[in-house]
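What follows is a short report on a single structure.
The values are calculated or read from the model by the stated rules, or taken from the named source; none is laboratory data. In this text the structure is predicted, and so the values were computed from the model without any measurement. In this analysis, Cβ positions are derived from the backbone assuming ideal geometry, glycine residues included, and neighbour counts consider all displayed protein chains. The protein model used for the area step is the full one, side chains on, heavy atoms only, and it has no ligands, DNA or RNA in it. Shrake-Rupley method; radii C 1.70, N 1.55, O 1.52, S 1.80 Å.
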Amino acid sequence: MKILAGNWKMNTTFEEGYNLIEALKNELSPERLGDVVVVLAPPVVQLTQAIDLLIDYPEMAVAAQNGHAKDSGAYTGEVSMAQLADAGADAVLIGHSERRQYFGETDQDVNAKVHAALNHELRPIVCVGEVLAERQSGDHLAIVEKQLRAAVAGVTPDLAENLVLAYEPVWAIGTGETATAAQAQEMHAHLRGVLRDLYGDLAQYLPILYGGSCKPSNGAELFAQPDVNGGLIGGASLVAADFIALVDQLQKA
Ligand code: PEP
């Protein structure tokens, strides 16, 4: 499965979100999408607007950007995985580097959220990636492997088939810096090997997305790598023409 996911982060008004989705619906016919599944992650207040607008577009799914691991309770300001599923979301981003960096999310939090999402039939899009100093240390493969193993600890093979992984080098997110296609492939192949160790043959079917300043000028080369099954797109997902161009590149890859 190929996936192009758009992470809108804390951007867009209701009207901007509406216009963006309408623009995508107008252009992205099932024929044009081919085997690409689009996932849109709007701000949580616009989740139901997105779900309603895409009700007749099963090839475009809606994800939340975060969710709480507990089903309910006294957690002011939080929204649970159970509530996201109840609202009609299909998927949820978990462990995005901005959640780890600004909101103190740990590998243990990420693991609890992955279990909660799977329990509520939300597809977890699990984000992992190293910071610049970690890459410069040369230990980036081991560091990201550790994040992945922690994130999916205790996830049994029957549930693992719903996992989506996103490799996002933190030094490339929102910076304009992109990992080279070779750097992305090296990490994706390594993570595929970890998934094979954990889940055997299933690993070849689990999508591993690349994220980090992916845009039309570099998408085709990244998507052409054998272990890159799509993209998690931040900035370029806010511009309909750019996101559509990335869909086309992924479809042709
Ligand atoms: C992201 O937020 O997941 C991301 C990859 O952002 P950007 O594309 O803007 O680097």
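For the residues ASN19, ASN111, ASN229, a GNM of the chain with alpha-carbon springs under 10 Å puts the largest fluctuation on ASN19. Annotation for GLN49 and ARG196: the two label points, set 7 Å from Cα along the Cα-Cβ direction, are 4.5 nm apart. Per residue, the chain exposes 44 Å² of solvent-accessible protein surface, assessed with a 1.4 angstrom probe and all protein chains in place.
Summary of packing: across the peptides 68-76, 139-147, the per-residue average of other C-beta atoms within 10 Å ranks them, highest first, as 139-147, 68-76. The simple spin-label model puts a point 7 Å past each Cα toward its Cβ; for GLU177 and ALA241 those points are separated by 2.9 nm. Measure off, as a whole percent, the carbon and sulfur share of the 1.4 Å-probe accessible area of the chain, all protein chains present. Summing carbon and sulfur atoms, their accessible area is 52 percent of the total for the chain. Backbone amide hydrogens, once placed in the peptide plane, bring VAL62 within less than 5 Å of LEU40, ASP90, ALA91, excluding anything fewer than 5 places away on its chain. Placing dummy labels 7 Å off each Cα toward the beta-carbon, the span from GLU186 to ALA150 is 2.3 nm.
Using a Gaussian network model of the chain in which every pair of alpha carbons under 10 angstrom is joined by a spring, one finds that among LEU202, LEU191, LEU40 the greatest mean-square fluctuation is at LEU202. Please work out, to two decimal places, the log10 of the ratio I(q)/I(0) at q = 0.11, 0.12 Å⁻¹ from a Debye calculation in which every Cα of segment 2-252 carries one identical scatterer. Result of the Debye calculation: -0.53, -0.63.
For VAL62, VAL37, the ranking by accessible surface with the largest value first comes to VAL37, VAL62, using a 1.4 Å probe.
Adding -39500 (n - 2.57) for every DSSP H run of four residues or longer, then dividing by how many residues the chain holds, sets the calculated 222 nm ellipticity at -12500 deg cm²/dmol.
Here segment 226-246 is scanned for amide nitrogen atoms under 16 Å from the site 7 Å beyond the Cα of GLU16 along Cα-to-Cβ, giving 234-243.
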